[in-house]
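Visitor: Before anything else, here's the structure in question.
The values are calculated or read from the model by the stated rules, or taken from the named source; none is laboratory data. As the structure is a prediction and not an experimental result, all values here were calculated from the model. When we count neighbours, we look across all protein chains shown, and the Cβ atoms used for this are built from the backbone with ideal geometry, even at glycine. Remember, those area values only see protein heavy atoms, side chains included, never the ligands or the DNA or RNA. Shrake-Rupley method; radii C 1.70, N 1.55, O 1.52, S 1.80 Å.
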Amino acid sequence: MTARAFVVGHPIAHSRSPLIHGHWLAEHGMAGSYERLDVLPEAFPAFLRGLAEAGWRGGNVTIPHKEAAARLVDRPTDHARRLGSVNTVWVESDGRIAGDSTDGAGFLAGLDAALGSSWSAEAGTALVLGAGGAARAVAMALVERGIERVLVANRTAERAADLARLAPDRIGALAVADLPGALAQANLLVNTTRLGMPGEPALPVSLEALPEGAVVADCVYVPLETPLLAAARARGLRAVDGLGMLLHQAVPGFARWFGVRPRVTPALRARIVADLQASP
Ligand code: NAP
């Protein structure tokens, strides 16, 4: 039977995942399919429970269903349970639904691809802006990569405190007012907020205090060059866009559903860049 996978969210029209997985299916000459599904939150539990019966191998889960998926899957990985978020699900041989979160690993792989893996040895202190789902995945990935100290600043302070509870000895919550002082110690700055996206203001953060040689990464990938990244480049700092994270988080799902570990190539990146430029 032809393997079928999906991305489920609401709304879902702008998801680039079908383009990414479609590229890999064509590259490997596979007959599988990867479909875009718009499912309302109230219909999501029944959708997830019915995966095996409907013939799906699995799929990606995106906003606003990632937290619900973490509660609903039969077998979340330890990592997904800890984060409280699932972005990749698959049907196991006994029909049970398993789920993992690949956002954090995707973020690290994107940085490795852009900078080489030595960036992590130099990072020392990382500063994460935001405390939503992406921030939780990024902060935990940084801890697991061995980054000494991860500081989190968020508009809603309680959410940053909650994130810090994931690893209290390594992650600290920071008041937004204390950001200027913290920037001077941060060798890695990561934006995980929505700021910088179309219709959102730019991040109100000056990069002047960042040390020479710091890295600035953005999870936002529409636009690819956010005002934050432009400011980093203008200061001569290394800047990494959010597209690498998007491409690399997709790899484990494809491997689960279609049985081949795909590669993130310059041709794939160029294809998605062209699509983002044509319809941001
Ligand atoms: P989320 O859970 O809704 O979190 C949104 C974050 O943005 C929160 O920290 C929120 O602060 C902050 N925020 C929103 N509006 C703000 C404002 N006006 N001023 C200050 N802070 C504001 O969303 P998410 O899933 O973490 O996604 C966050 C971003 O990461 C999105 O742009 C998303 O596209 C991107 N992302 C990218 C990838 C990738 O593969 N590249 C993967 C996942 C997410 P409060 O807590 O105060 O509301």
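Visitor: Over the chain, what percent of the accessible surface lies on carbon and sulfur atoms, probe 1.4 Å? Present the calculation step by step, with values, prior to reporting the outcome.
Guide: On the way: 6700 of 12510 Å².
Percent of accessible area from carbon and sulfur atoms in the chain: 54.
Visitor: Starting from the Cα coordinates of the range 1-131, work out the convex hull volume and express it per residue in Å³.
Guide: Working: hull volume 19.1 nm³, N = 131.
Taking the convex hull of the Cα positions in the range 1-131, it is 146 Å³ per residue.
Visitor: With the contact rule set at Cα under 8 Å and sequence spacing of 6 or more, what percent relative contact order holds for the chain? Intermediate results must be reported in sequence, preceding the final value.
Guide: Working: 547 pairs, mean separation 44.7, N = 280.
Relative contact order of the chain: 16 percent.
Visitor: Let me ask something else. Just the Cα atoms of the chain: what Rg and Dmax do they give in Å?
Guide: Spelled out, the Cα radius of gyration and Dmax of the chain are 18.6, 58 Å.
Visitor: Still on this model: Over the range 174-280, what is the relative contact order in percent, taking alpha-carbon pairs closer than 8 angstrom and at least six residues apart?
Guide: With pairs under 8 Å counted, the relative contact order is 21 percent.
Visitor: So, one more: If I histogram all Cα-Cα distances within the range 143-195 using bins 5 Å wide from 0, what percent of pairs lands in each bin?
Guide: P(r) over the range 143-195, rounded to whole percents: 4, 18, 30, 29, 16, 2.
Visitor: Right, next: What is the gain in length, in nm to one decimal, between His28 and Ala267 on full extension, counting 0.36 nm per residue of separation less the C-alpha to C-alpha distance? Don't jump to the answer; show the numbers that get you there.
Guide: Values: separation 239, 0.36 × 239 = 86.04 nm, distance 1.41 nm.
Additional length available on full extension: 84.6 nm.
Visitor: Turning to a different aspect of this structure: What does the charge count around Ala5 come to, taking other residues whose C-beta lies under 13 Å from its C-beta (Lys +1, Arg +1, Asp -1, Glu -1)?
Guide: Working: positive: Arg4, Arg36, Arg57, Arg256; negative: Glu35.
Here the count lands on +3.
Visitor: Sticking with this one: So what's the projected area for the range 82-134, the Cα convex hull averaged over all directions, in nm²? Kindly include the intermediate steps, with their values, before the conclusion.
Guide: Details: hull surface 21.3 nm².
So the Cα hull casts an average projection of 5.3 nm².
Visitor: Could you provide, to the nearest whole Å², the per residue accessible area of the range 189-280 with probe 1.4 Å?
Guide: Numbers: 4150 Å² over 92 residues.
On a per-residue basis, the range 189-280 sits at 45 Å².
Visitor: Along each of the three principal axes of the Cα atoms of the range 152-280, give the extent in whole Å, ordering the values from largest to smallest.
Guide: Reported extents, whole Å, longest axis first: 46, 34, 30.
Visitor: Between the range 193-250 and the range 52-124, how many Å separate their Cα centres?
Guide: With the range 193-250 and the range 52-124 each reduced to a Cα centre, they are spaced 23 Å.
Visitor: Starting from 0.36 nm per residue, how many nanometres of slack lie between Ser279 and Val176 once their C-alpha separation is accounted for? Before the final figure, lay out the partial values.
Guide: Details: separation 103, 0.36 × 103 = 37.08 nm, distance 3.39 nm.
Result for the pair: 33.7 nm of gain on full extension.
Visitor: When the distances between all Cα atoms of the range 235-276 are binned every 10 Å from zero, what whole-number percent does each bin get?
Guide: Per 10 Å bin, starting at 0, the Cα pair percentages come out as 24, 46, 24, 5, 1.
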